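Input: a single structure, listed below in structure tokens.
Derivation of every value follows stated rules applied to the coordinates shown; laboratory data play no part. The model shown is predicted, which means the values in this text are computed figures rather than measured ones. Cβ: placed from backbone, ideal geometry, glycine included. Neighbour counts: every protein chain shown.
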Amino acid sequence: MGRWSALYGTEVVSPWGLFGGKIRPLVAAHVEQWEFRDWEPDLSLRAGTSIENMRGDGDRAVLAVAYYEGRDYNGQFLLEEDIEYLGPVLDAYF
């Protein structure tokens, strides 16, 4: 099994926000490619809002819609079939 990989992505948060800059739109993309998968990409996309500094101490929450297409790395075995999903995401950073 090959052990090389390439991982890259970006997150763009708008410099303009609502309610004094506390709510900002965002989009993000992340791609992983692995040698053992013949460099076939796993793609993760997100779009939503970043809610920042709610308590005044630099905290942040992201409410978004996420899309993923690629290998399911959860579980005991790496299955050959790819998975695909679309669903809500809530991330909290304190």
Item to check | For the chain, the longest site-free run once GluC sites (Glu not before Pro) in DSSP loop states with at most 15 other Cβ atoms within 10 Å are removed | outcome: 1-79
Next on the checklist: Show me the chymotrypsin sites (Phe, Trp or Tyr not before Pro) within the stretch 1-76 that DSSP assigns to loop and that have at most 12 other Cβ atoms within 10 Å of their Cβ.
Outcome noted: 4, 16, 19, 39, 73
Checklist entry - Taking the chain as a Gaussian network, Cα atoms linked when under 10 Å apart, which of 48, 70, 21 shows the biggest mean-square fluctuation? => result 21
Checklist outcome for this item: Using alpha-carbon coordinates alone, the radius of gyration and Dmax of the stretch 5-93 in Å work out to 15.9, 48
Next on the checklist: Among 50, 16, 64, whose Cα projects farthest towards the positive end of the dipole of the chain, with charges put on the beta-carbon of Lys, Arg (+1) and Asp, Glu (-1)?
Outcome noted: 16
Item to check | Charge dipole (debye, nearest 20) of the chain; +1 at Cβ of Lys and Arg, -1 at Cβ of Asp and Glu | outcome: 640 debye
